[in-house]
Amino acid sequence: MSEIVPLDPKRHAQDLRETWQARCIAGSTGKTRAVILIVLTMSYSRAIQTLLRVLGYRDIQRPFLSSGATILLNGKLICDVTEKSGLTAPAVVYDSTDDMNRDMRNLADRLKLSDKERLEMTAAIQDWVVADQRADHLGRKLHA
């Protein structure tokens, strides 16, 4: 497993714009961008505000994903969504891990991420998934 390399918020703005993290935010839309934003927020909490600022974001608009993901027994990925009203409720983000993997792989391919960048992105995504209900307390896979 790859480790997450810290993102230094004191780097020059142009240098930050060229990181895979900034390219993923700028090169994604819709649900993919929402997932990338929460993944990066959870993995790079110290640098995310600076990263967003150099990309021209003043703030993330509601609704947005606001928690780690859980894989349910049926394989669906859920995450808390903070609605425009400010209320937070769980919602299905992906119907399966295959859907999420395909979405992230397509983004990485479109942005032509290097192997090292793909490993770092994968590690950040794995950190976003905080619970897998398909496994028991010993890590053994349960059948749906």
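We did not get these values from a lab; they are worked out from the coordinates using the rules stated. What you see is a predicted model; the values in this text were computed from it and never measured. No Cβ is skipped: glycine too gets one built from the backbone with ideal geometry, and neighbour counts run over all protein chains shown.
Identify the chymotrypsin sites (Phe, Trp or Tyr not before Pro) of the range 1-105 meeting these criteria: DSSP loop state and at most 15 other C-beta atoms within 10 Å of the C-beta.
Y57
Give the aspartates and glutamates reachable from K116 as a straight Cα distance under 14 Å; neighbours fewer than 8 places away on the same chain don't count.
Counting by Cα, and skipping residues close in sequence, K116 has these aspartates and glutamates nearby: E3.
Highest first, please rank the peptides 105-114, 80-89 by the mean number of other Cβ atoms sitting within 10 Å of their residues.
105-114, 80-89
Helix-only estimate, please: 222 nm mean residue ellipticity of the chain, summing -39500 (n - 2.57) across DSSP H runs of length 4 or more and dividing by its residues, to the nearest 500.
For the chain, the value works out to -13000 deg cm²/dmol.
Can you tell me the Rg and Dmax of the chain, counting just the alpha carbons, in angstroms?
15.5, 49
If a helix is a whole DSSP H run, which ones in the chain reach 18 Å or further along their own axis (Cα) and hold a mean Kyte-Doolittle hydropathy of at least 0.0?
Helices meeting the criterion: 30-43.
For every other residue with a beta carbon closer than 15 angstrom to the beta carbon of A26, add +1 if it is Lys or Arg and -1 if Asp or Glu, then tell me the sum.
+3
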